[in-house]
Structure formats: C-alpha cells, structure tokens
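Structure, as structure tokens:
Rule-based calculations on the coordinates, nothing more; no lab input. Being a predicted model, the structure only gives us computed values, none of them experimental. FYI the Cβ positions are ideal-geometry reconstructions off the backbone, even for glycines, and counts take in every protein chain you see.
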Amino acid sequence: MKHQTKDFRSLGDFGSLTSLPPIEIVPQDRRTLAMRVTPAGIQVLIPADLNADSPRVQAFIEAGLQKLQTSEVWETSEVSAEDLKALVSTWSERIGVQIKRVQIRAMRNKWASCSTNGTLTLSADLVQLPSDLVDYVICHELVHLRVPAHGKGFRALMGCHIPDWEDRQLRLARWTASTGKQKR
C-alpha cells in the first residue's frame, strides 16, 4: 500500500483556503473513507482495495474540502516573548511539570517542541495565533512531559486541562491551512 500526495486545486475555489494544503491519500485495511486535517496537511484514509483516482474518492475529497471552507475571522494574540514565557510558567505549574529553559525562535515545521531534559522551544510565529490556540500549543507540549505519546492517557490529560482541545486542534489546522504555513 503506497501513500500518494495529490494536487486537488483543479476541483474548484475553496474560499478562505488561500493555498490548498497537501493532501495525502493513505490506503488502509478499512471499509470506509475518512479525512483527517493535520497541521501538516490533509490525510484521506481509503480502503486498500479502492483506487485513489476513483470517482468515489474524488467526490469524498471534494466534499471534505468544501466543509473546510470557513468564514472565521482569525484574531492574533498580540503576545510578546515575555508573555509566552509567562504562559509557559502558568501552564507548567497547572500540569505539574518543570521547564528548565524556554527558547523562542523561528521554526519552519512545528509550532513547538519539548525535550525530555525540560527545554521547551516555541515558534516565533505563535504570536500570530489567537490566544486560545497559543494556550493549546503550550499545553500540548507540556502534557508530553507527562505522557510522551498521543494515546488515551495523553488525550485524557489534555481533556482535563483544555476540555475543547480537539476543537482547538482542528482550528489550528484550519488556521495553518488558511495561511499556507506547513506547521505541525
């Protein structure tokens, strides 16, 4: 089973999606079609025996892209580097983890990363996000210090700290797609 990346710009105008994010078609042992929006792009999960170029898959992708159109107005957070460091301090106390160092720098592919030795690196681009999405990114990274993988424990702990975290994750992916950035 081979993953394919397709160009679907010819399907039409997708409004606020200024540049269509990459769409990866992933054949799997499954019966149904599914679409996942990730900060890196869009994944379309298809049954292994279904051709990626079939009309059924094409119609599914077109319908999914139409749903992604959003008329949301994106407000920026207008936070400074010091504000970001204060948020890290607040969130690390809530979650019960220790951060030894916070650095803010340009990051091409990620919003943030956290090392096991307690260094949290934040993308300088975070200042462009709405404040609730900044909270989500920081909380997400700090929760990784308690639960490294994205399994049930991770999702439960995220839910304890940010009950609507899945909505924020989707909004972050939409914001990323609407700006043409390729961050995850």
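As a calculated quantity, the FRET efficiency between Arg31 and Glu62 at R0 = 22 Å, using C-beta atoms, amounts to about 0.60.
Here the simple spin-label model places points 7 Å from the Cα toward Cβ, and for Ala149 and Ser113 these points are separated by 2.1 nm. If eta is 1.002 mPa s and T is 20 °C, what Stokes-Einstein diffusion coefficient results for the range 92-184, Kirkwood Rh from Cα pairs, in µm²/s? Taking Rh from Cα pairs, D becomes 158 µm²/s. Only Cα pairs under 8 Å and 6+ residues apart enter the sum, and on that basis the relative contact order of the range 81-179 stands at 23 percent. Taking Cβ atoms as reference points and 13 Å as the exclusive limit, the residues near His144 contribute a net charge of +2, counting Lys and Arg as +1 and Asp and Glu as -1.
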